[in-house]
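Presented below is the structure to which this report refers.
Quick note: the coordinates plus some simple rules give every number you see, no bench work behind them. Just so we're clear, the structure is a prediction, and the values are computed from it rather than from any experiment. Don't worry about glycine lacking a Cβ; one is built from the backbone with ideal geometry, like all the others, and counts go over all protein chains shown.
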């Protein structure tokens, strides 16, 4: 605001306000692209899970319970959340 009685007051250089939040990336993915990538990752994980379970079942059918248990324990450790991967010593 300029004071009419003060000759030393200068007009302010008003700048354009930026929008709120984080600016958009130029190469951002559309929601459809993000969903397609998510489904592809999910399918890869489910295929891996299916293969490992089938491998454990084939070991069980062959009578090798130790190897089947090892495969399943490895599968649990890979698919568990990071916080529960650590084992507590009781």
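Tell me, yes or no, whether segment 44-59 has at least one residue that is under 18 Å from the mean Cα position of the chain (by Cα), assigned to a loop (DSSP other than H, G, I, E, B) and closer than 30 Å to residue 78 by Cβ.
The answer is no, given that none of the residues of segment 44-59 is under 18 Å from the mean Cα position of the chain (by Cα), assigned to a loop (DSSP other than H, G, I, E, B) and closer than 30 Å to residue 78 by Cβ.
Checking residue 22 against (1) out of contact with any helix residue (DSSP H, G or I) (no Cβ under 9 Å at 6 or more places or on another chain); (2) surrounded by 10 or more Cβ atoms within 10 Å (Cβ to Cβ); (3) assigned to a loop (DSSP other than H, G, I, E, B), which test does it fail?
The one condition residue 22 does not meet is (2).
Residue pairs, Cβ under 6 Å, 6 or more apart or interchain, first in segment 9-27 and on the phi > 0 side of the Ramachandran plot, second assigned to a loop (DSSP other than H, G, I, E, B) and surrounded by 10 or more Cβ atoms within 10 Å (Cβ to Cβ). List them.
Nothing qualifies.
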